[in-house]
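**Q** Dumping the structure here so I can ask a few things about it.
The values are calculated or read from the model by the stated rules, or taken from the named source; none is laboratory data. As the structure is a computational prediction, the values presented were derived from the model and not from experiment. Every residue, glycine as well, gets a Cβ built from its backbone with ideal geometry; the counts of neighbours run over all protein chains shown. Protein only, heavy atoms only, side chains kept; ligands, DNA and RNA dropped before computing areas. Shrake-Rupley method; radii C 1.70, N 1.55, O 1.52, S 1.80 Å.
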Amino acid sequence: MCGIVAYLGQAEACAIILKGLKRLEYRGYDSAGVALMTDQLSVYKKQGKVAELEALVAQTAPAATLRATIGMGHTRWATHGEPNDVNAHPHYSSDGKLAIIHNGIIENYLAIKQELANHGHIFASQTDTEVLVHFIEHVQKTNQCSLEEAVRLALNKVVGAYAIVVMSVDTPEQLVAARKSSPLVIGVGQRDGAGQPTEFFLASDATPIIEYTKDVVYLNDQEIAVIKRGGVLEVKTTADVPTTPFIQQLDLELAAIEKGGYDSFMLKEIFEQPQSVRDCLRGRLIPERGHLALGGLVKHLDDLLNAQRIIILGCGTSWHAGLVAEYLIEELARIPVEVEYASEFRYRNPIIHPGDVVVAISQSGETADTLAAIELAKQQGAVVLGVCNVVGSSIARASHEGAYTHAGPEIGVASTKAFTAQLTVLTMLALILAQRRGTIAPALYRELLFELAEIPEKIGRALQTNPLVKQIAERFKHARNCLYLGRGFHFPVALEGALKLKEISYVHAEGYPAAEMKHGPIALIDEEMPVVFVAIKDQSYEKIVSNIQEVKARKGQVIAVVTEGDTLIGPMVDYVVEVPASYDVLTPLLTVIPLQLLAYHMAVLRGCNVDQPRNLAKSVTVE
Ligand code: G6P
């Protein structure tokens, strides 16, 4: 959702903040703002991208303001109130002395707003955030206390999720920050001769910090940090208990969060997949020695092996990875699996039996619905295992154990390399369970280990379809609808292909199990309708060939993703895209590649911003 950056140090805060906001723009990009502290508190806000805020600041901010060494900035994904200049953050208190930036939602803001209105507060915006800063002001005035204390007391009355930073003209050399269910990282920058830090950074994730320092502190839920000149970093809980900030080293390189010559992050991330899958397998798979292990899933492996049922939770693309895992685990390890949207799971009073294990999948590790579902499952006694990409993320920390996907930072809003890395981890998990439970023949297990090691190279070959897929996108760029069909392992791949297309090109797309087409979607088919089939040579090959004929008989336009060397389907359809042959259980890692490329090219040809599609956000930290 929204992105937060703040700085206190010796350098010019504005430039650091604007650059940091651009790095965080994937989190939200409908408006942005910055607050800079000199002898006064100056706020600049603008609807639109950070570049527009940058232009506003360049045109209107006095040189002295630009030299400020303390400040904070925000890029917004609107929840309360439409995206415009007024609703953009930072927001002022009613006396103009405090300013706040906020990521999250204050659920009881209407009640607080009403109470404050009774005390004469007038609000400029429609946001919950402005209510919070007025509330902090009210609490501070009523209790005659420090800013930190006012923030603490106010937050104890607040229901909802937040990561906030607050500045005050009365204490101009200080930043107060807090978090609950929304991430916040503190960077500890340069130090003086005595080793005291002379600069601090605050951000929603490490990407704005990485080029300045690798020393970071991840603030925990319900913690408040006070940062002051003189190297002061104090952390307390919202219950007023001091805690010791734990400085850890970031394992992230700057190049990983830059475009590296590609037109977009999404294209870079699509083409990184041979490497990201290799990184995901590294150290875990050594086929020559018959070695396959997930180091993060050791203590609870027995729980998994003995599970009566595995419940997989996720949202969006991560949910699709869960659906593939359902096929994988049931096929290979013969353990019943249920896959559920995290948002549905948490609100339907789910039944969790002893012996159920929950696997939560999330690229960001911050998705609010998934996090809340995990907490619910834990309360009911379930063992929760996380499959996350972002190291140290909230879901990774909330899980009992887990396996990281090691795909590296994914910045394009539409998930690509995180999906294939999730599939890789889940495939390894299914194979480990199958081998330990004796549900797979030893010879097949060995063959699959060798084949899994070949998958990065095969993904590279699938990527060579790029020029052909671009031609197909040219042909269908004006399409208004698109149907994606697959069976078995490729039904979730069809869902993922459809999601990619709608997310970034705004073409309506639906994924369906191919056999279900005749129960409804077939009514949509005419000569205008592109239908993408995932028609790999697997156990349902003959059936899917029949489905292709049913579409062609109704003059649909068929694009078929087939196994390399397939000669049967080509003459029947309009376009064929070949991917390398592999074992059934591994082919989703290959068939999804042309579907990612198709969505990408359709979006580019339609003039869409593929990295920052409208209305979406990479990390959805609100329910
Ligand atoms: C958002 C993103 C999707 C992502 C989903 C789940 O909707 O736009 O690309 O699949 O959240 O995110 P997670 O970080 O939990 O995988």
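**Q** Extending each Cα 7 Å along its Cβ direction at H353 and Y506, get the distance between those two points in nm, one decimal.
**A** Simple spin-label model gives 4.8 nm for this pair.
**Q** Further question on the same structure: Using the 2.2 N^0.38 Å rule of thumb for compact globular proteins, work out how region 318-469 stacks up: its C-alpha Rg over that value, please.
**A** This ratio for region 318-469 stands at 1.10.
**Q** Also: Roughly how many percent of the accessible protein surface of region 1-64 is carbon and sulfur, given a 1.4 Å probe and a whole-percent answer?
**A** Reported share for carbon and sulfur atoms: 50 percent.
**Q** Using a 1.4 angstrom probe with every protein chain in place, what is the largest-first accessible-area order of K552, K518, K502, K417?
**A** Correct descending sequence by accessible area is K518, K502, K552, K417.
**Q** Okay, moving on. Roughly how many Å² is the accessible area per residue of the chain, as a whole number, for a 1.4 Å probe?
**A** It amounts to 37 Å² per residue over the chain.
**Q** Leaving ligands, DNA and RNA out of it, work out the accessible area of L56 with a 1.4 Å probe and give it in Å² to the nearest 10.
**A** For L56, the solvent-accessible surface is approximately 40 Å².
**Q** Provide the convex hull volume over Cα atoms per residue for region 143-283, in Å³.
**A** 172 Å³
**Q** In addition: In a shell of Cβ-Cβ distance under 15 Å around E623, excluding E623 itself, what net charge do Lys and Arg (+1) and Asp and Glu (-1) give?
**A** -3
**Q** What is the gain in length, in nm to one decimal, between E107 and E474 on full extension, counting 0.36 nm per residue of separation less the C-alpha to C-alpha distance?
**A** Separation in residues times 0.36 nm, less the Cα-Cα distance, equals 127.6 nm.
**Q** Additional query: Rounded to the nearest 20 debye, what is the charge dipole size of the chain about its Cα centre when +1 sits on each Lys and Arg Cβ and -1 on each Asp and Glu Cβ?
**A** Once rounded to the nearest 20, the dipole reads 280 debye.
**Q** Run the quick spin-label model on Q539 and D170: label points 7 Å from Cα toward the beta carbon, then report their separation in nm to one decimal.
**A** Going from the Q539 label point to the D170 one covers 7.0 nm.
**Q** Related question: Once every DSSP H run of n ≥ 4 in the chain is given -39500 (n - 2.57) and the sum is divided by its residues, what mean residue ellipticity at 222 nm do you get, rounded to the nearest 500 deg cm²/dmol?
**A** The helix-only estimate for the chain comes to -11000 deg cm²/dmol at 222 nm.
**Q** Describe numerically, in nm with one decimal, the distance between label points set 7 Å from Cα along Cα→Cβ at A51 and at E454.
**A** Label-label distance for A51 and E454, simple model: 4.5 nm.
**Q** Here is a further query. Can you list, bin by bin at 5 Å, the percent of alpha carbon pairs in region 1-145, starting at 0?
**A** Distribution as computed: 2, 11, 20, 22, 19, 14, 8, 4, 0 percent.
**Q** What do you get for Rg/Rh over the chain if you use C-alpha atoms and the Kirkwood form of Rh?
**A** 1.00
**Q** Something else: log10 I(q)/I(0), Debye, Cα-only region 276-316, no solvent, q = 0.20 Å⁻¹?
**A** For the requested q values the scattering log ratios are -0.86.
**Q** How much solvent-accessible surface does S264 expose, in Å² to the nearest 10, with a 1.4 Å probe and all protein chains in place?
**A** 10 Å²
**Q** Based on the Cβ-Cβ distance from E82 to N118, what FRET efficiency comes out when R0 is 35 Å, to the nearest 0.05?
**A** 0.85
**Q** Between beta-carbons, use under 15 Å as the cut-off and find the net charge around M37, counting Lys and Arg +1, Asp and Glu -1.
**A** Neighbour charge sum, excluding M37 itself: -1.
**Q** Starting from the Cα-Cα distance between L233 and E258, subtract it from 0.36 nm times their residue separation and give me the gain in nm to one decimal.
**A** 6.0 nm
**Q** Keeping all protein chains in place and using 1.4 angstrom, which order do R191, R179, R282 fall into by accessible surface area, from largest down?
**A** R282, R191, R179
**Q** I would also like to ask the following. How high is the FRET efficiency between D39 and H519 when r is their beta carbon distance and R₀ equals 60 Å, given to the nearest 0.05?
**A** With R0 = 60 Å, the Cβ-Cβ based efficiency is 0.30.
**Q** Compute the helix-to-body angle for 588-605: its Cα long axis versus the longest principal axis of the chain, expressed 0 to 90° and rounded to tens.
**A** Between the helix axis and the principal axis of the chain, the angle is about 60 degrees.
**Q** Run the 1.4 Å probe and let me know the accessible area of V604, rounded to the nearest 10 Å².
**A** 70 Å²
**Q** Could you order W319, W77 by accessible surface area, starting with the largest, using a probe radius of 1.4 Å?
**A** W77, W319
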